[in-house]
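All of the numbers you see were taken from the coordinates with simple rules; none came from a lab. The shown structure was predicted, so the numbers you read here are calculated from the model rather than taken from an experiment. Note that each Cβ is placed from the backbone with ideal geometry, even for glycine, and that neighbours are counted across all protein chains shown.
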Amino acid sequence: MNSRKLYNRISVLRKEKNISRQELADIIGVNFQTIGYLEREEYNPSLDLAFKISEYFKLPIEIIFSPQPMKLLSDEIRELKQKSGGQ
């Protein structure tokens with residue numbers, strides 16, 4: 001079975017927190033090259049790794065990873081708020 005490509009916002013989120021690939025890798029317990037592969041969308045994370053990244057950034061997995069090209073983060077947040085009944 002072929003796995004489908006996953007798109008992600010890791011680079012944007014990492015830059016927002018002003019941390020390097022090495023720092024993120026150390027925090028979640030992977031090699032810094034893995035972060036590069038993920039950011040370039042050359043590698044799909046395991047479910048465990050996706051959860052670790054999600055937990056570190058304190059965001060739902062679906063905000064960080066998607067099987068479709070990513071929308072602007074502001075649009076994603078607005079849609080989530082509308083779905084949950086928020087403003």
* What list of ³J(HN,Hα) values in whole Hz, one per residue of the stretch 56-72 in order, does the Karplus curve 6.51 cos²θ - 1.76 cosθ + 1.60 (θ = phi - 60°) give from phi, with Gly and Pro shown as x? -> 4, 7, 6, 9, x, 3, 5, 7, 8, 10, 7, x, 10, x, 6, 7, 4
* From the cross-link list Lys15/Lys52; Lys5/Lys81; Lys5/Lys83; Lys15/Lys81; Lys52/Lys81; Lys17/Lys81, which pairs have alpha carbons spaced over 19 Å apart? -> Lys5/Lys81; Lys5/Lys83; Lys15/Lys81; Lys52/Lys81; Lys17/Lys81
* Asked: GluC sites (Glu not before Pro), restricted to the chain: which are DSSP loop and have at most 10 other Cβ atoms within 10 Å?
  -> Glu42
* State, as an integer percentage, the relative contact order of the chain based on alpha-carbon contacts under 8 Å between residues 6 or more apart. => 35 percent
* What longest region of the chain stays clear of trypsin sites (Lys or Arg not before Pro) that DSSP places outside H, G, I, E and B and that have at most 16 other Cβ atoms within 10 Å? -> 18-39
* In whole Hz, with x marking every Gly and Pro, tabulate ³J(HN,Hα) for the stretch 17-34 from phi via Karplus 6.51 cos²θ - 1.76 cosθ + 1.60, θ = phi - 60°. => 8, 6, 10, 7, 4, 4, 4, 5, 4, 4, 5, 9, x, 10, 6, 4, 5, 4
* In bins 5 Å wide, starting from 0, what share of all Cα pairs of the stretch 7-83 does each bin hold, as a percent? -> 3, 15, 29, 28, 15, 7, 3, 0
